[in-house]
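Please treat every number below as a calculation from the coordinates, not as lab data. All of these numbers come straight from a predicted model, not from anything done at the bench. Cβ: placed from backbone, ideal geometry, glycine included. Neighbour counts: every protein chain shown.
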Ligand code: BT5
């Protein structure tokens, strides 16, 4: 696979790894330069780049560099070491900045990227949501990750894969933060009624087979506040728990939960996912919702998932429907 030219230079990853491994000492600049095979000037430039992402690196004049705190950067070397043989995360492509990790992952998938390849970015300039909407992707504050899956399943399995991702994300966030996390169908994570995570599933498929599915996951982690346009509907984990959360630990938890739930789906089938989803979301049963569709908006009550992952609802006028895609908003 050809890794896209703009992804982070592997030598920057080596630099981070070297500093982390020698965190208690000052590492001489010339030693860093020779170990990673670049000039001292380049080392200096990269150190500045890492500092611009909020990583505290102490420079001791004439001696070298030392990390002040454990860096919270989604560097492949820091992540890979913790993931063992899990297929999800077998290959991690990192960007300081990219347009959209989903766009990159779809390109890599078309070039043959293997199952489990993960694309992560510290910042997105064109993060996207569903239906052409955008995803606010502040630098170094969130997790912007896209996972390439190659499921031995038909395109009909796509909705359940999406629910599977929401479930995995919910488990990762609640285990890492201790927060109560709800899932709004199909897969927005809500904390105290506000969105902390959105998931965008995109795919390439033939009639009978999924070639590749890209699960794009955006999480608001360490934002101190949300922009005015989003503050009524969105929040970050830090804003809810009043402390910083390690993005590295949260992403590791997410990738492990994705692996676990993906295996569950393959081994036990849709029901294992839809049952767990129904238990994990207050939106599954008896929720009063407004259903927004091309035809307009109408009020309904939810009555569970059908085996394909569609949300069953009964409209106030008695009509019943199973929603395959679309949007529901809680009516209070
Ligand atoms: C989503 O769309 O919720 C899917 C978002 C997926 C983002 C990830 S980041 C990594 C990967 N690469 C990408 O380019 N995308 C994926 P949707 O359900 O359409 O929600 C979008 C709506 O959520 C927007 O119209 C805003 O109202 C709101 N929104 C935008 N940014 C937000 C944020 N950071 N936090 C919470 N809500 C946000």
| task | Note the angle between two axes, namely the Cα long axis of helix 40-52 and the longest principal axis of the Cα atoms of the chain, as a number of degrees from 0 to 90, rounded to the nearest 10. | result | 40
| query | If you take the square roots of the eigenvalues of the alpha-carbon gyration tensor of the range 79-196 and sort them as a ≥ b ≥ c, do you get rounded (a/c under 1.5), prolate (a/b over b/c) or oblate? | reply | rounded
| request: Decide, for the range 81-142, between rounded, prolate and oblate: order the square roots of the alpha carbon gyration tensor eigenvalues as a ≥ b ≥ c, take rounded if a/c falls under 1.5, and otherwise choose prolate if a/b is larger than b/c, else oblate. | output: oblate
| remark: With the 8 Å Cα cutoff and a minimum separation of six or more residues, the range 112-265 has a relative contact order in percent of 25
| request: Within the range 34-50, find all residues whose amide N lies under 19 Å from a label point positioned 7 Å from the Cα of residue 97 along Cα-to-beta-carbon. | output: 45-50
| remark: So residue 25 and residue 278, fully extended at 0.36 nm per residue minus their Cα-Cα distance, gain in nm 86.0 nm
| field | In degrees, nearest ten, helix 158-177 long axis to first principal axis of the chain (Cα) | value | 60
| message | Can you tell me, using C-alpha contacts under 8 Å and at least 6 residues apart, the relative contact order of the range 156-243 as a whole percent? | response | 21
| Gyration tensor (alpha-carbon) shape descriptor, the chain, a/c threshold 1.5 | prolate
| field | Helix-only [θ]222 nm of the chain, DSSP H runs n ≥ 4, -39500 (n - 2.57) each, per residue, nearest 500 | value | -10000 deg cm²/dmol
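Can you order the peptides 78-89, 284-295 by their average number of other Cβ atoms within 10 Å per residue, highest first?
Highest to lowest by the protection proxy: 78-89, 284-295.
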| said: What whole-number distance in Å separates the alpha-carbon centres of the range 279-332 and the range 55-76? | reply: 50
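Relative contact order of the chain: what whole-number percent is it, with Cα pairs under 8 angstrom and at least 6 residues apart? Please report the intermediate quantities before stating the final value.
Details: 661 pairs, mean separation 43.9, N = 332.
Contact order relative to length: 13 percent.
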| note | With Cα coordinates, the longest principal axis of the chain makes an angle with the long axis of helix 270-280, in degrees rounded to 10, of 90
| request: Using label points projected 7 Å from each Cα along Cα→Cβ, tell me how many nm separate residue 285 and residue 68, to one decimal. | output: 5.3
| note | As a percent rounded to 5, the proportion of antiparallel DSSP bridges among beta bridges in the chain is 90
| task | Arrange the peptides 264-272, 226-234 so that the one whose residues have, on average, the most other Cβ atoms within 10 Å appears first. | result | 264-272, 226-234
| note | Expected sort for 256, 243 with the fewest Cβ neighbours (10 Å cutoff) up front is 243, 256
| remark: Listed residues 273, 47, 199; largest mean-square fluctuation, Gaussian network over the chain with Cα springs below 10 Å, found at 47
